[in-house]
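Participant: Starting off with a structure, shown below.
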Amino acid sequence: MVYAKRLHDFYSLLASDLRVHVQFTVAPHVFNRGATEVLRALGGTVLPWEQAVRQEFDLILAAGSQGMEQLHGPVVRLPHGAGNIKLSRRSTPDGERAAIGLGPDYLCWEGRLVPASFALAHEEELLELRRTCPEAVPIAEVVGDPCYDRIAAAVPHRERYRAALGLRPEEKLVLVSSTWGNGSLFTRLDAVLPRLTSELPQHGYRTVLLTHPNIAAAHGSYAVHSWARATARGAVTVIPPETDWRPLLVAADFIIGDHGSVTLYGAMTGAPVLLAEYPHRHVNPRSPAAQLAATAPALAPGHPLVDQLGYAAEQYRPEEYAAIAARISSEPGRFDRNARRLLYRVLRLGQPAHVPGPEPLHLPDPLDAIAAAGSRRDG
């Protein structure tokens with residue numbers, strides 16, 4: 001699901017070109033539940049994996065490494081998160097752990113470099129790549145970050161997104177964001193969500209729970225909703241994994257998060273961040289997420305939550321968060337131009353004769369409608 005969302009920002013650059021026929025496939029993966037349905041909902045042609053590995057393609061976009069070596073054609077490897085935050089479990093030959101996505105385990109197969117090109121978001125990632133997989137540096141190209149550009153373009157219109165969600169002007173939106181795996185906020189839902197229910201005034205705050213799609217893929221959406229309902233007693237709106245999270249992030253007044261990409265993107269929005277969980281041992285110490293962890297206050301168990309939100313707002317320094325956000329993309333506002341140039345160079349085609357620009361984020365559904373749909377789906 002995560003890969004499908006990130007791919008959209010790249011293949012949409014080809015969508016209006018009648019010379020290019022876009023097809024999709026889903027590699028076998030433990031977390032690919034729901035990905036095929038999302039792609040079909042876009043109206044795209046979804047090739048069975050067994051068929052895709054027998055065909056030759058002019059361009060292959062891959063947001064993950066699973067099965068990449070089985071495909072035939074020039075592969076453009078894409079990042080699927082921000083900041084290369086998490087560390088791989090395996091160490092490099094020098095004894096260090098590479099950031100996930102930047103080590104040879106993700107780019108090479110049996111000693112052979114698989115991608116023809118590797119799109120990066122920031123110049124800092126080139127330094128990481130030179131340290132962990134130097135053979136990939138010649139194929140790497142910094143193009144910027146699509147989420148960064150779209151969030152940046154949406155922030156000035158924040159009130160439109162809040163109105164679309166059905167928020168009253170005086171209401172505060174608290175976005176609880178969790179990545180997946182050990183050390184994620186999701187592993188502490190039973191400690192965090194009850195506090196949101198019991199300590200935040202019902203008429204002054206709205207709370208949404210945004211979980212990494214891998215959680216629903218592993219456990220099922222019903223389980224996620226059930227756990228949230230059991231711990232929050234219906235006071236928290238659970239956002240379905242297929243929903244675009246970016247408008248919610250733009251609309252948020254506070255972010256309670258962990259070491260996931262969504263929390264890091266929150267540094268762009270002006271919303272104070274509270275970290276409810278942060279597994280230092282598994283986070284790249286050179287990443288902007290590590291800088292955020294050293295800047296944002298940590299959620300404390302023994303103090304009223306409203307007071308802690310007030311403290312986070314009081315201690316918020318825009319210039320500190322701006323410095324963190326600047327490490328997400330070193331090509332702000334230029335992702336579409338840079339990425340399209342890369343894709344057409346691989347295709348060996350001239351680019352369409354117009355300047356591409358960030359696609360505006362769509363207005364979200366009202367929170368009440370999202371909550372009602374979740375209740376109907378979970379029966």
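Participant: What do the square roots of 5 times the Cα gyration tensor eigenvalues come to for region 127-224, in whole Å, largest first, as semi-axes of the equivalent ellipsoid? Let's see the in-between values first.
Facilitator: Working: eigenvalues 230, 103, 28 Å².
Its equivalent ellipsoid spans semi-axes of 34, 23, 12 Å.
Participant: Related question: Spin-label point model (7 Å from Cα, Cβ direction): what's the Asp307 to Asn338 distance in nm?
Facilitator: My value for the distance between the label points is 4.5 nm.
Participant: Let's test the formula: R0 of 45 Å, r as the Cβ-Cβ distance of Ser16 and Arg281. What FRET efficiency results, to the nearest 0.05? Write out the running numbers ahead of the final one.
Facilitator: Working: r = 46 Å, r/R0 = 1.02.
Using R0 = 45 Å, I get an efficiency of 0.45.
Participant: Using the Cα gyration tensor of region 92-154, with a ≥ b ≥ c the square roots of its eigenvalues, what is the shape: rounded (a/c below 1.5), prolate (a/b larger than b/c) or oblate (neither)? Don't jump to the answer; show the numbers that get you there.
Facilitator: Details: a/c = 2.53, a/b = 1.87, b/c = 1.35.
It is prolate, given that a/c is not under 1.5 and a/b is the larger ratio.
Participant: Okay, moving on. Stretched out fully, how many nm does the piece from Gln23 to Arg188 gain, at 0.36 nm a residue minus the Cα gap? Let's see the in-between values first.
Facilitator: Values: separation 165, 0.36 × 165 = 59.40 nm, distance 3.94 nm.
So the chain would gain 55.5 nm between Gln23 and Arg188.
Participant: Arrange the following residues from fewest to most other Cβ atoms within 10 Å of their Cβ: His157, His21. All intermediate terms of the calculation are to be shown ahead of the outcome.
Facilitator: Numbers: His157 14, His21 9.
Taking fewest neighbouring Cβ atoms as first place, the list is His21, His157.
Participant: What's the FRET efficiency of Val155 with Arg112 using the Cβ-Cβ distance as r and R₀ = 25 Å, to the nearest 0.05?
Facilitator: Values: r = 43 Å, r/R0 = 1.70.
Once the sixth-power term is evaluated, E becomes 0.05.
Participant: Quick check on packing: order 176-186, 198-208 by the mean number of other C-beta atoms within 10 Å, highest mean leading. Each step should come with its number before you reach the end.
Facilitator: Numbers: 176-186: 23.1, 198-208: 15.2.
Averaged packing, sorted descending, gives the order 176-186, 198-208.
Participant: Just need the relative contact order of region 288-357 here, percent rounded to a whole number, with Cα pairs under 8 Å and 6+ apart.
Facilitator: Numbers: 22 pairs, mean separation 22.1, N = 70.
32 percent.
Participant: Can you list the residues of region 31-55 with backbone N under 11 Å from a point 7 Å past the Cα of His72, pointing along Cα to Cβ?
Facilitator: 52-55
Participant: Which of the GluC sites (Glu not before Pro) across region 125-194 are loop residues per DSSP, with 12 or fewer other Cβ within 10 Å?
Facilitator: Details: sites: Glu125, Glu128, Glu135, Glu141, Glu159, Glu170, Glu171; in loops: Glu170, Glu171.
Counting only loop positions with at most 12 other Cβ atoms within 10 Å, the GluC sites (Glu not before Pro) in region 125-194 are Glu170.
Participant: In the chain, what % of DSSP beta bridges are antiparallel (nearest 5)? It would help to have the intermediate numbers written out before the result.
Facilitator: Working: 5 of 34 bridges.
Beta bridges within the chain, antiparallel portion: roughly 15 percent.
Participant: Rg and Dmax of the chain over Cα atoms: what are they, in angstrom?
Facilitator: That works out to 20.6, 61 Å for Rg and Dmax.
Participant: Please compute, over every Cα-Cα pair in region 174-224, the percentage with a separation greater than 18 angstrom.
Facilitator: On the way: 423 of 1275 pairs.
Value for region 174-224: 33 percent of Cα pairs lie more than 18 Å apart.
Participant: Taking the chain as a Gaussian network, where each spring joins two C-alpha atoms under 10 Å apart, which residue of Val30, Val142, Val346 fluctuates the most?
Facilitator: Among Val30, Val142, Val346, the largest mean-square fluctuation in the Gaussian network model of the chain belongs to Val30.
Participant: Per DSSP H run of n ≥ 4, the term is -39500 (n - 2.57); total these for the chain, divide by its residue number, and report the mean residue ellipticity at 222 nm rounded to 500 deg cm²/dmol. Please report the intermediate quantities before stating the final value.
Facilitator: Working: 17 runs with 143 residues, N = 379.
Estimated from H runs of four or more residues: -10500 deg cm²/dmol.
Participant: Between Phe31, Phe118, Phe254, find the one with the highest GNM mean-square fluctuation for the chain; connect C-alpha pairs within less than 10 Å.
Facilitator: Per the Cα network of the chain with a 10 Å cutoff, Phe31 tops the list.
Participant: Below 8 Å between Cα atoms, with a sequence gap of 6+, how large is the relative contact order for the chain in percent? Write out the running numbers ahead of the final one.
Facilitator: Values: 645 pairs, mean separation 72.5, N = 379.
After rounding, I find 19 percent.
Participant: Under 5 Å between amide hydrogens, which residues at least 5 positions from Val238 or on another chain qualify, with H placed 1.01 Å from N in the peptide plane?
Facilitator: The answer is Leu209.
Participant: Give me Arg19, Arg33 sorted ascending by neighbouring Cβ count inside 10 Å, so fewest comes first.
Facilitator: Numbers: Arg19 10, Arg33 19.
Lowest count first: Arg19, Arg33.
Participant: Sorting Val38, Val53 on the 10 Å Cβ count, fewest up front, what's the list? All intermediate terms of the calculation are to be shown ahead of the outcome.
Facilitator: Working: Val38 19, Val53 15.
Going from sparsest to densest Cβ surroundings: Val53, Val38.
Participant: Expected output is a single nm value to one decimal: the length gained when fully extending between Phe57 and Glu359, i.e. 0.36 nm times separation in residues minus the C-alpha distance. What is it? Don't skip to the answer; put the middle values down first.
Facilitator: Working: separation 302, 0.36 × 302 = 108.72 nm, distance 2.66 nm.
Contour length minus the Cα-Cα distance gives 106.1 nm.
Participant: Can you give the Rg and Dmax of region 1-133 based on its C-alpha atoms, in angstrom?
Facilitator: Expressed in Å, the Cα Rg and Dmax of region 1-133 come to 15.3, 49.
Read-outs throughout are calculated quantities, based only on the coordinates presented, and are distinct from any laboratory measurement. Just so we're clear, the structure is a prediction, and the values are computed from it rather than from any experiment. Cβ coordinates were reconstructed from backbone atoms using ideal geometry, including for glycine residues, and neighbour counts include every protein chain displayed.
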